[in-house]
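The numbers here are math on the coordinates, done by the rules we state, and not lab data. All of these numbers come straight from a predicted model, not from anything done at the bench. Here the Cβ is made from the backbone with ideal geometry for all residues, glycine too, and neighbour counts use every protein chain on show.
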């Protein structure tokens, strides 16, 4: 049966296909045991019934390459940098690895979402080996040894490029290699108009867009001396939401965006209210995500149960000469309160804190960015003012200045997110951990160097100056379970710290090597804490060494000493770094399924995850390494004390120069004893207030969704950002 014929089958008929039936049997315990072998039987059936009869095959690699080029499936220029003999050698190596997906879900996801198909969609043109080969050849840019190294990392699933990179590398008819962006608007109509156009253009190419609205004057502010003239941020939010709805990739997918507002902005209550279920349709935003940037001063005022002053961005900009987002509110709060030239509004700090929690309970929003925490941790001269659609990208930005033709008088710097992920269990088994990470940096660097978003010049400018990348991780809980560690235990926290310290070290080593090779540093390096050596001081204390808790886990893996860090610091001072930023932990999504591992670094949701697939029905996905031995170590995120999750993230955060996409998982009806401060079983706004404050005090830079499992089995805040899930 062809793929085309299968598309026309009814749901009932499709579910009767052997591999779906076998996979669904996982959910039917036999003698109180999970029949995990049924998933392997489903995988075998998928290869036999689906892949093998529907795969276009070729007699030789040369024949396949020629066909794919001639029929506009693969690009020609990058392939022409290699000889046919070398490409054949690369394929021979990949074939010799005898790669096989470990679960039905992994194989199904790859062949449905990533493998190239014939124009009518009836036959597969690519296997996993083909997709890996195209990625390796593309990113290596004609360097044969690097191509082999990249292929080795990807076929052993130590490294996974982000979805847009993995999907599009080497394809003739392709989308962009990056699909997540950050832009800002300043307090004038030209900037708002340019911002809406940018959102349209970025959504058109499949991008998810973060937009900072904190600089806009509040509702009722004056315009050209006329009082009560400004409409505030909510109408602008509606304009952006309509832009994403209109520019929806030919109707294939709804555009995706998030707007951020500073918690000290006078429109903050109206901003939050626009997401409420009972909001008036004139102001309600349904598909737009919300994020709030939170300075330290807000936590201080909440702790003191004090009155909180909100400041007009218009007055602040006139007094300080820079847009509202670029003023340090924590440092300037008392001065701003005392300044008669700044219009002010008042609200109870805890009243606003409770409003945030209520909305998080209802919708999962807003995301929280602890903006002062992010800036304290940053080694870069400049200011972080916002984040992206998944709250893990944190880079400095500068505002643009525009004339009435919406031309740039001064070009600012905005952001594109270039992501990839390590697979923790597999990287820990690498024959050379350091070489693996350095190879990954080379792949991400190629994407940065060849990413040109000309439709939004400020993003192009930011990327050209910063060369930023974002290497992250997935499979942390899988690694814990495999090694019999409970999530949040002391050994799991120490392991996390050492693992991310190693990612930090080796990405710095390779960034320094690239800067030395090219004689190029990121723009502004001389003003960074890398150039002064301040960044490296904490690593010269000998603090980050495995104890007896984790020493065996790192056996055979190089752990840099104080002398190694000092040597690296000296090299960076001498030759610089190519990348302004190097690390970021995204939430992951389908890409973690094809890697047969847990997503990102948060706990799993279920030991046997149930996924609802379009036109298919339910697919069941057992957690990696699930067995009688590992079941006790696979506690659901919904049954885990979120402070333990925050502790794990805090251990990683210390070494990650950008952010980590942290989701909080809560039950509307919490089990007794899960949190000792609880007086009843029902989740309250106080619970969320306490967790956000705990995260702040642990140095967490951001909180992504708050996902609540309700009494009726539904999930609130269970959305997933398709543009940033990597």
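Dimensions of segment 343-477 from C-alpha coordinates, computed as largest minus smallest value along each principal axis and given longest first, are 60, 45, 27 Å.
Once the Cα atoms are used to define both axes, helix 349-363 deviates from the longest principal axis of the chain by about 30 degrees.
Residues 387, 416, 400, ranked from the fewest to the most other C-beta atoms within 10 Å, line up as 400, 416, 387. Can you give the angle from 0 to 90° between the axis of helix 490-518 and the longest principal axis of the chain, with both taken from C-alpha atoms, to the nearest 10? Taking Cα atoms only, the helix is inclined about 90 degrees. The distance linking segment 133-157 with segment 419-486 is 14 Å (Cα centroid to Cα centroid, whole angstrom).
Take the Cβ-Cβ distance between residue 675 and residue 610 as r, set R0 to 22 Å, and report the resulting FRET efficiency rounded to the nearest 0.05.
Values: r = 27 Å, r/R0 = 1.22.
So, using R0 = 22 Å, E works out to roughly 0.25.
If I take R0 = 45 Å and measure r between the Cβ atoms of residue 36 and residue 682 in this structure, what FRET efficiency does the formula 1/(1 + (r/R0)^6) give, to the nearest 0.05? With R0 = 45 Å, the Cβ-Cβ based efficiency is 0.80. As a ratio to 2.2 N^0.38 Å, the alpha-carbon radius of gyration computed for segment 198-346 takes the value 1.13. Normalised by the number of residues in segment 205-251, the average gap of Cα pairs under 8 Å and 6 or more apart makes the relative contact order 29 percent. A full extension of the chain between residue 335 and residue 71 corresponds to an added length of 88.4 nm, given 0.36 nm per residue minus the alpha carbon distance. Rounded to the nearest 10 degrees, the inclination of helix 233-246 to the longest alpha-carbon principal axis of the chain is 20 degrees.
Would you please classify the overall shape of the chain from the alpha carbon gyration tensor, given that a ≥ b ≥ c denote the square roots of the eigenvalues, rounded means a/c under 1.5, and beyond that prolate means a/b larger than b/c while oblate covers the rest? Because its axes are fairly even, with a/c under 1.5, the chain counts as rounded.
What percent do you get for the relative contact order of segment 593-716 when only Cα pairs under 8 Å and 6+ apart count? Don't skip to the end; give the middle numbers.
On the way: 150 pairs, mean separation 29.2, N = 124.
It rounds to 24 percent for segment 593-716.
Relative contact order for the chain: 14 percent, from Cα pairs under 8 Å spaced at least 6 residues apart, divided by residue count.
Checking the a/c ratio against 1.5 first, then a/b against b/c, what shape does the Cα gyration tensor give for segment 417-592?
Values: a/c = 2.24, a/b = 1.36, b/c = 1.65.
The shape class here is oblate.
Residues 506, 677, 74, 565 in ascending order of nearby Cβ atoms (within 10 Å, fewest first): 677, 565, 506, 74.
The gain in end-to-end length when the residue 435 to residue 122 segment is fully stretched comes to 108.7 nm, 0.36 nm per residue minus the alpha carbon separation. Counting neighbouring Cβ atoms within 10 Å and putting the fewest first, the residues 687, 381, 672 line up as 672, 381, 687.
Spacing of the modelled spin labels on residue 305 and residue 328, each 7 Å from Cα toward Cβ, amounts to 3.1 nm. When the square roots of the Cα gyration tensor eigenvalues are ordered a ≥ b ≥ c, the ratio a/c for segment 593-716 is 1.5 or more and a/b does not exceed b/c, which makes its shape oblate.
Segment 589-628 and segment 67-101 have their alpha-carbon centroids 30 Å apart. Taking a point 7 Å out from the Cα of residue 559 in the direction of its Cβ, the residues of segment 484-499 whose backbone N falls within less than 12 Å of it are 494-499.
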